[in-house]
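Okay, structure first, notes after.
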Amino acid sequence: MKKLFSFVAIVMTTIVFAQNLKNFSVPKGYKKVTEVKGDLDKDGKDETVLVFDTDKIASDYERDFGKKDYQRVFYILKHEQGSLKIWKENSTLLYSSGLGFYPDDNILNIQIKNNCLFVEQSFFSNSRHTQVSKHTFRFQNGDFYLIGSYDNFADTCDFDITHEINFSTGKVIVNKEYSSCDEETKIPKNVYKEFVHKFNPLITMDDFKIREHRFKIPGLKEDFIF
């Protein structure tokens, strides 16, 4: 009897959940950038993730570099009752389309692996500097939470700086490697530090904005920014 009640409860919850989701249609003026599919909530059914360039201008890059820069948005969609329904919409996680010095070389790589959403982005901040970020989200406790963060800022010959966090364990890595573009410049000492930082509560996808979060690094006179 208990098993029957549990089954009925799950079915009813699923029906109500589906009814509460809005139907999805591509907004007018939006241009699709990429699409991936995979199971994010371990229900045995694939969700669809769609990324779009919106029709909203993000910056004055057209004035400065001759190329329009559009804000981006992504949707996580569920397949329910024969149609696509919006499960999650986010416009704060993705860089805009024309960011950086060489916008045509920007990379956006989205994958679904092991029921997690992986978002990798990279761009050239100038002719010598590259910025790479990788973020991993997992659906748990009714929401998408940030469980992994990787950020790398590198120069062609001066430095290579990596900040990395595993939110599940609290393990944090700071790795700074220095070199020189010429023989005269004094090269700073490399820095490598591992420590555990307590993240309570964990950060949801909606509350996360790249490099707007920080905390003190033990033993160093600087903040860890992610």
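Per-residue SASA remark: HIS129, around 40 Å² accessible (1.4 Å probe; ligands, DNA and RNA not included). Per-residue ellipticity at 222 nm from helix content only, as computed over the chain with -39500 (n - 2.57) for each DSSP H run of at least four residues, stands at -3500 deg cm²/dmol.
Dipole size of the chain about its Cα centre, with +1 on Lys/Arg Cβ and -1 on Asp/Glu Cβ: approximately 1040 debye, rounded to the nearest 20. Among the listed pairs LYS37/LYS193; LYS67/LYS134; LYS45/LYS198, those with a Cα-Cα distance over 31 Å are LYS37/LYS193; LYS45/LYS198. Model label points for THR169 and HIS79, set 7 angstrom from Cα along the Cα-to-Cβ axis, are 3.6 nm apart. The figure for LEU40 is an accessible area of roughly 0 square angstrom, using a 1.4 Å probe on the protein chains alone. Applying 0.36 nm per residue to the separation of ASP60 and ASP46 and subtracting their alpha-carbon distance, the gain on full extension is 1.2 nm. For the set LYS42/LYS113; LYS176/LYS221; LYS22/LYS113; LYS176/LYS216, the pairs lying more than 23 angstrom apart at their alpha carbons are LYS22/LYS113. To the nearest ten degrees, helix 2-20 and the longest principal axis of the Cα atoms of the chain are 70 degrees apart. For ILE107, the solvent-accessible surface computed with a 1.4 Å probe is close to 90 Å², ligands and nucleic acids excluded. As a fraction of the 1.4 Å probe accessible area of region 48-192, surface on carbon and sulfur atoms comes out at 46 percent.
What percentages, rounded to whole numbers, describe P(r) for region 70-226 computed over all alpha carbon pairs with 10 Å bin width beginning at zero? Answer for region 70-226: a P(r) of 9, 33, 33, 18, 5, 1, 0 percent. Using Cα-only point scatterers and the Debye equation, what is log10 of I(q)/I(0) for region 34-93 at each q in 0.15, 0.17 Å⁻¹, rounded to two decimals? Results for region 34-93 at q = 0.15, 0.17 Å⁻¹ read -0.55, -0.64. For region 133-206, the alpha-carbon coordinates run over 56, 22, 12 Å along the three principal axes, in decreasing order.
Taking all protein chains into account, the per residue accessible area for region 65-164 stands at 45 Å² (1.4 Å probe). Full extension of the chain segment joining ILE187 with LYS37 gains 49.4 nm, where the gain is 0.36 nm per residue of separation less the Cα-Cα distance. Other residues lying with their Cβ under 10 Å from the Cβ of ASP160 contribute a combined charge of -2, Lys and Arg counting +1, Asp and Glu -1.
The values are calculated or read from the model by the stated rules, or taken from the named source; none is laboratory data. Given the structure is predicted, the values throughout are model-derived calculations rather than measurements. Cβ sites come from the backbone with ideal geometry, for glycine too, and all protein chains shown count toward neighbours. Areas reflect the complete protein model, heavy atoms only, side chains present, ligands, DNA and RNA absent. Shrake-Rupley method; radii C 1.70, N 1.55, O 1.52, S 1.80 Å.
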